[in-house]
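Heads up, the thing below is written out as structure tokens.
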Amino acid sequence: MARYLVSKVVTESVSSIFPWGTFCVNIAGCFLIGLIYGLVDRNIPISPEMRLFLTVGFCGGFTTFSTFAHENYLLFDSSRFPIVLLYMAVSCAAGFAAAWAGHFITR
């Protein structure tokens, strides 16, 4: 539900060919997983069960690689090649930066 709501709010707020809703959900999920693992790295007491719930359960259910892949296919199929490349590159770079930022904040 969280993924749907965030994606819907972002998509309705921005009129663009670029899939901003999925992009924002995926980057937020990358940040959250970086934050969670950063806390674990700092020996903050999070039980293994809670860590799995937050990372695999919540972040895994919140982010969506399959939608990302399908949106790239749709852009590719409609000959929007520059946007496909931009979406892939920016998603990977921003996802990495967000995960890094989550770890960084916990230091």
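Accessible area per residue for the chain in Å², computed with a 1.4 Å probe and the full protein assembly in place, what is it?
64
Could you compute the net charge surrounding Gly38? Neighbours are other residues with a C-beta less than 13 Å from the C-beta of Gly38; K and R count +1, D and E count -1.
Details: positive: Arg42, Arg51, Arg107; negative: Asp41.
Taking every Cβ under 13 Å from that of Gly38, the sum is +2.
Return the calculated 222 nm mean residue ellipticity for the chain, to the nearest 500 deg cm²/dmol, obtained by summing -39500 (n - 2.57) across DSSP H runs with n ≥ 4 and dividing by the residue count. Each step should come with its number before you reach the end.
Working: 5 runs with 77 residues, N = 107.
-23500 deg cm²/dmol, from helical runs alone.
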| task | Could you work out the local net charge near Thr106, counting Lys and Arg as +1, Asp and Glu as -1, over the other residues with Cβ closer than 15 Å to its Cβ? | result | +2
| note | Rounded to the nearest 10 degrees, the helix 81-105 long axis (Cα) sits at an angle to the longest Cα principal axis of the chain of 10
| query | Residue-wise, which Karplus ³J(HN,Hα) couplings in Hz belong to the stretch 20-35, taking 6.51 cos²θ - 1.76 cosθ + 1.60, θ = phi - 60°, and x for glycine or proline? | reply | 4, x, 5, 4, 5, 4, 5, 5, 4, x, 4, 5, 4, 5, x, 5
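Would you mind estimating how fast the stretch 14-70 diffuses translationally, via Stokes-Einstein at 37 °C and 0.692 mPa s with the Kirkwood radius over Cα pairs, in µm²/s?
Working: Rh = 12.4 Å.
Estimated via Stokes-Einstein, D reaches 265 µm²/s.
Translational D (Stokes-Einstein, µm²/s) of the chain at 25 °C and 0.890 mPa s when Rh comes from the Kirkwood sum over C-alpha pairs? Before the final figure, lay out each step's value.
Values: Rh = 14.6 Å.
Estimated diffusion coefficient is 168 µm²/s.
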| Förster radius 30 Å - calculated FRET efficiency between Phe18 and Ile105 (Cβ-Cβ, nearest 0.05) | 0.65
| field | Length released on extending from Asp77 to Phe96, taking residue separation times 0.36 nm less the Cα-Cα span | value | 4.1 nm
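The values are calculated or read from the model by the stated rules, or taken from the named source; none is laboratory data. Since the structure is predicted, the reported quantities are computational estimates derived from the model, not experimental observations. Note that we place each Cβ from the backbone using ideal geometry, even for glycine, and neighbour counts take in every protein chain shown. What goes into the accessible areas is simple: the full protein's heavy atoms, side chains included, and nothing from ligands, DNA or RNA. Shrake-Rupley method; radii C 1.70, N 1.55, O 1.52, S 1.80 Å.
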